[in-house]
């Protein structure tokens, strides 16, 4: 495959990787002769900051005409055609394959990150056991009430941390994607 084709594929896949960018491309395509910025804002209901960011990400797929309208470039038309091809013939029979693909993509947590999260889960369980043992010793030896309050607070924090770690282990790619979206906004 030539470098231009490989670069075009990479660019299109990256551009189409975001729902809002796909929506912008489709909206401009459906307009027929392009849309002004204010029209895009009204159609899409995005904040100005989000729209500005997404429009910058779509440079090369969109261009602004002299009368201020955003129109699709030839590369943008290929992107919309690709979206049309994806939509073509999709029905409920694809749901099984989509679920499988979604599941495989969610598990793309790097082995190092997965190992670190598992290590933190084990460490947290160890700490919880240690605090529980200290609470037991305090109970049998007659420790002051303040010690029990502190140990109960530490146990509650440890349990909360354990649930968060288990959730992060299960949903880490989704959590990371949400953080990235918050940073971009």
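Compared with the dominant principal axis of the Cα atoms in the chain, helix 19-31 is inclined by about 20°.
The fewest-to-most ranking of 167, 22 by surrounding Cβ atoms within 10 Å reads 167, 22. Compared with the dominant principal axis of the Cα atoms in the chain, helix 3-15 is inclined by about 60°. For the range 3-90, the gyration tensor built on C-alpha atoms gives a prolate shape. Its axis ratio a/c (a ≥ b ≥ c) is at least 1.5, and a/b is the larger of a/b and b/c. The computed Cα Rg over 2.2 N^0.38 Å for the structure shown corresponds, within [x] 1.60; [y] 1.14; [z] 0.99, to [x].
Helix 111-141 and the longest principal axis of the C-alpha atoms of the chain enclose an angle of approximately 30°.
As a rough guide to protection, the peptides 28-34, 43-49 ranked by mean Cβ packing within 10 Å, highest first, stand as 28-34, 43-49. Label the range 79-168 by shape, choosing from rounded, prolate and oblate, from the square roots a ≥ b ≥ c of the eigenvalues of the Cα gyration tensor; if a/c is under 1.5 it is rounded, and otherwise prolate applies when a/b is larger than b/c, oblate when it is not. The shape class here is prolate.
Computed from the coordinates by the stated procedures, all read-outs in this text should not be read as laboratory data. Computed from a prediction, not measured in an experiment: that's the story for all the values here. With ideal geometry, Cβ positions are generated from the backbone for all residues, glycine too; neighbour counts draw on all protein chains shown.
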